[in-house]
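Okay, so here's the structure we're looking at.
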Amino acid sequence: MTTTVLIAEDEQNIAESLRFILERAGCIVRHAADGETALAEARADKPDVLVLDVMLPSLNGFDVLKTIRSEPVLQKIAVLVLTAKGQSQDRQTADALGADAFMTKPFDNAAIVAEVLRLGSQT
C-alpha cells in the first residue's frame, strides 16, 4: 500500500527536501504552503499522513491540528508535527491536540522517512 502524504510547510527548500526523500521512499506527496491550504487539501484528498509545520502563514499548525482532530472525516489522518521550535511546551501542546508524532528541525532524513512510513502503515 502506498502512503499518501501532505506536507504543510511554508519554507520551499524544506518542502522540496521532504518531497524528494518521501517520493524516493515510494510515497505520493502533495504540498501546502500555508495552514488554510493545508486544511483544504486534507479535506479534499484525506492523506494518510500530514507532515505539519507549526509556524505557518494564515493558520498556524496547532490550529490546523485542532481542526483536523475535531472533524470526524479527518480524524484518521496521522499527524507528524515538524518544527524548529523544539521547546517542551510545543511538544506538550502537540500531544494535547492529538499529534501522532513530533520531530524537530533540522531532521534526519532516514528518521523522518521511517516515521512517515510507520504512521502511514497504521491508517
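The values are calculated or read from the model by the stated rules, or taken from the named source; none is laboratory data. Everything numeric in this text was worked out from a predicted model, so none of it was measured. Quick reminder, even Gly has a Cβ in these numbers, built from the backbone with ideal geometry, and neighbours come from all protein chains shown.
Considering every residue within segment 49-71, establish whether at least one is free of Cβ contacts under 8 Å to residues at least 12 places away in the same chain, polar (S, T, N, Q) and surrounded by fewer than 16 Cβ atoms within 10 Å (Cβ to Cβ). Within segment 49-71, one or more residues are free of Cβ contacts under 8 Å to residues at least 12 places away in the same chain, polar (S, T, N, Q) and surrounded by fewer than 16 Cβ atoms within 10 Å (Cβ to Cβ). Can you spot a residue in segment 33-46 that is among the basic types (Lys, Arg) and assigned to a loop (DSSP other than H, G, I, E, B)? Within segment 33-46, one or more residues are among the basic types (Lys, Arg) and assigned to a loop (DSSP other than H, G, I, E, B).
The residue pairs whose first member lies in segment 6-27 and is over 16 Å from residue 48 (Cβ atoms), whose second member is at pLDDT 95 or above and β-branched (Val, Ile, Thr), and whose beta carbons are closer than 6 Å, counting only pairs six or more residues apart or on different chains, are 15/7; 21/113. Please verify whether segment 79-91 includes one or more residues that are loosely packed, with under 13 Cβ neighbours inside 10 Å, part of a helix (DSSP H, G or I) and over 14 Å from the mean Cα position of the chain (by Cα). Yes, that holds for at least one residue.
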